[in-house]
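What follows is a set of notes on a single structure, which appears directly below.
The values are calculated or read from the model by the stated rules, or taken from the named source; none is laboratory data. Quick caveat: nothing in here was measured; it's all calculated off a predicted structure. Glycine also receives a Cβ, built like all others from the backbone with ideal geometry; neighbour counts cover every protein chain displayed. Surface areas here come from the heavy atoms of the whole protein model, side chains and all, with no ligands, DNA or RNA. Shrake-Rupley method; radii C 1.70, N 1.55, O 1.52, S 1.80 Å.
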Amino acid sequence: MLSFLYARQSGLDDPVRLRRAESTRRVLSLELNHNRDVDRVHGNGINTLDIEVIDGRYMLSGGSDGVIVIYDMENNSKKLKYSCKVVCTVGRSSRHVHKFSVETVQWYPHDTGMFVSSSFDKTMKVWDTETLKPAEEFQFDGNVYCHHMSPIARKHSLVAVGTKDPKVQLCDLKSGSRIHILQGHRGEILSVRWSPRYEHILATASTDSRVLIWDVRRASGSLFTLDQHNGDKSKASSEAVNTAHNGRANGLCFTADGLHLLTTGTDDRMRLWNSATGENTLVNYGKVVNESRKGLKFTVSRGCSPEFVFVPCGTSVAVYGLHSGELITMLRGHYNNVDCCEFHPDYQELYSGGKDCNILAWVPVLRQPDIEDEKTNSKRGGTQAAVNPAFEDAWSSDED
């Protein structure tokens, strides 16, 4: 740590190198935090989680019981052991609650005053956080598997929606109507994701084993189809031509810079693609167990070097090196299958939800004191604290 500080002070290193190194160390030291509980509200499995990016303080969850919960993750008690308290819920007693399983929840990217949920009750609802009432409701002909809003869009307010219908639906929040459909898939749409780099680029995954990349400004169909064999027809059977997976393609996730796209499928494979060219980078992650009949909600770290992928895998969360494909560790703590996980980039923490109705917090271990600090401490007769306060996760505010 001291060498990083000296190199940054003297101008030998890039200013962000220290931050990336510390973020990487923190991710590599993630473990289940027994001092932090998340209030248990859901009576059935937890399908989806989302942490807002404005303050990094509030988390949404949606469950198979149709209930939506908002949590406050801040430690207001300032005690070592605390619980992430429930701020409010859309419970079974509310007349606005979803009738069936909530599959996706997402905060509005630019304001915590609104969030969007979609459900197997064939609806997508836009909620006012203050009143917990739907400001808008979209009806569809089949189950809604997923939806996604662009994290960077300024020129449009479109929500991409994946349903039982093979057509991708585009809903406009400004007009409150479905304005366009994207045709190209032959099966149910299990996952949709907007690029964090280009606001008009959209990726969709389907039960037809294909992943399509779209520019929603074009009316002539998709830009290209991801091909696991990179166009080499000698390696592909007639059924596997222009397919991303040999089973259902049910998971999508862009890297934070938008340069790469990760896909998962029920062929127990995860693949990394160049999002600009559609080329399969051929990174080998080994067998990634995936038996989900719906969309798989996994996530990628941000601010690390190298980056990591967190994938629900049975009752555990598997952590892989993004570009190496190496299995770093398995995070074990759930009693039943894990269905979703969400990375908190501000604190390098991970939250996971599963069929055991629990949300678990995976938190970095505090850094041990450097050798120089230990020597100084021994010379002073042990009057210093065992851990340098500069390395502790004790956040303060000027307002306190």
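For every residue, the table says whether it meets (1) assigned to a loop (DSSP other than H, G, I, E, B); (2) modelled with pLDDT of 95 or more; (3) surrounded by 21 or more Cβ atoms within 10 Å (Cβ to Cβ).
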site: Arg92; (1), (2), (3): yes, no, no
site: Thr112; (1), (2), (3): yes, no, no
site: Ala135; (1), (2), (3): no, no, no
site: Gly142; (1), (2), (3): yes, no, no
site: Cys146; (1), (2), (3): no, yes, yes
site: Lys155; (1), (2), (3): yes, no, no
site: His180; (1), (2), (3): no, no, no
site: Gly184; (1), (2), (3): yes, no, no
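In the range 94-105, how many residues are under 14 Å from Val69 (Cβ atoms) and either open to solvent by 60 Å² or more (accessible area, probe 1.4 Å) or touching a strand residue (DSSP E or B) at 6+ places or on another chain (Cβ under 7 Å) (or both)? Qualifying residue count, the range 94-105: 4. For the range 234-247, the candidate set comprises residues that are modelled with pLDDT of 70 or more and not hydrophobic (A, V, I, L, M, F, W, C); within that set, the residue that is nearest to Met270 (Cα to Cα) is His245.
Asp50 meets each of the listed conditions (1) modelled with pLDDT of 95 or more; (2) open to solvent by less than 10 Å² (accessible area, probe 1.4 Å); (3) closer than 19 Å to Asn337 by Cα apart from (2).
Determine whether Leu173 is open to solvent by 20 Å² or more (accessible area, probe 1.4 Å), at positive phi and either in contact (Cβ under 8 Å) with a residue 40 or more places away in the chain or not hydroxyl-bearing (Ser, Thr, Tyr) (or both). Spelling it out, it is not the case that Leu173 is open to solvent by 20 Å² or more (accessible area, probe 1.4 Å), at positive phi and either in contact (Cβ under 8 Å) with a residue 40 or more places away in the chain or not hydroxyl-bearing (Ser, Thr, Tyr) (or both).
Results for (1) in contact with a Pro (Cβ under 7 Å, 6 or more places away or on another chain); (2) touching a residue at least 40 places away in the same chain (Cβ under 8 Å), shown as yes or no for each residue.
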{"residue": "Met114", "(1), (2)": "no, no"}
{"residue": "Val126", "(1), (2)": "yes, yes"}
{"residue": "Val144", "(1), (2)": "no, yes"}
{"residue": "Ser177", "(1), (2)": "no, no"}
{"residue": "Leu182", "(1), (2)": "no, yes"}
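No other residue among Ser61, Ser23 is open to solvent by less than 30 Å² (accessible area, probe 1.4 Å), within 20 Å of Tyr335 (Cα to Cα) and not in a loop (DSSP other than H, G, I, E, B) apart from Ser61. Restricting the range 26-47 to residues that are within 25 Å of Leu296 (Cα to Cα) and among the polar types (S, T, N, Q), the residue that is least open to solvent (accessible area, probe 1.4 Å) is Asn47. Gly56 satisfies every condition listed in (1) in contact (Cβ under 8 Å) with a residue 60 or more places away in the chain; (2) within 22 Å of Lys133 (Cβ to Cβ); (3) of a type in the set (Gly, Ala, Ser) except (2).
Per-residue answers, yes or no, for (1) farther than 24 Å from Trp127 by Cβ; (2) of a type in the set (Gly, Ala, Ser):
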position	(1), (2)
Leu158	no, no
Gly162	no, yes
Leu170	no, no
Ile181	yes, no
Arg186	yes, no
Ala203	yes, yes
Ser209	yes, yes
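Considering (1) within 21 Å of Ala249 (Cα to Cα); (2) open to solvent by 20 Å² or more (accessible area, probe 1.4 Å), say which one Asn358 fails and leave the rest. Checking Asn358 against (1) within 21 Å of Ala249 (Cα to Cα); (2) open to solvent by 20 Å² or more (accessible area, probe 1.4 Å), the one that fails is (1). Every test in (1) buried (at least 18 other Cβ atoms within 10 Å of the Cβ); (2) closer than 22 Å to Gly63 by Cβ; (3) among the β-branched types (Val, Ile, Thr) is passed by Thr131 save one, and that test is (1). Filter the range 186-211 for residues that are over 20 Å from Asn246 (Cα atoms) and open to solvent by less than 10 Å² (accessible area, probe 1.4 Å) and give the result. Listed by number, the residues that qualify are Trp194, Ser195, Leu202. Looking only at residues in the range 254-265 that are part of a loop (DSSP other than H, G, I, E, B) and open to solvent by less than 40 Å² (accessible area, probe 1.4 Å), which one is farthest from Leu327 (Cα to Cα)? Selected residue: Gly258.
Among the residues of this structure, Ala244 counts as one that is open to solvent by less than 20 Å² (accessible area, probe 1.4 Å), assigned to a loop (DSSP other than H, G, I, E, B) and aliphatic (A, V, I, L, M). Determine whether the range 11-19 contains at least one residue that is buried (at least 16 other Cβ atoms within 10 Å of the Cβ), touching a residue at least 24 places away in the same chain (Cβ under 8 Å), under 24 Å from the mean Cα position of the chain (by Cα) and farther than 30 Å from Lys294 by Cα. No, the range 11-19 contains no residue that is buried (at least 16 other Cβ atoms within 10 Å of the Cβ), touching a residue at least 24 places away in the same chain (Cβ under 8 Å), under 24 Å from the mean Cα position of the chain (by Cα) and farther than 30 Å from Lys294 by Cα. For the subset of the range 94-110 comprising residues that are part of a loop (DSSP other than H, G, I, E, B) and charged (D, E, K, R), which member is farthest from the chain's Cα centre (by Cα)? For the range 94-110, the residue satisfying everything is Arg95. Quick check on Ser191: is it more than 20 Å from Ala276 (Cα to Cα) and among the hydroxyl-bearing types (Ser, Thr, Tyr)? Spelling it out, it is not the case that Ser191 is more than 20 Å from Ala276 (Cα to Cα) and among the hydroxyl-bearing types (Ser, Thr, Tyr). Restricting the range 268-288 to residues that are within 22 Å of Gly187 (Cα to Cα) and assigned to a loop (DSSP other than H, G, I, E, B), the residue that is most open to solvent (accessible area, probe 1.4 Å) is Asp268.
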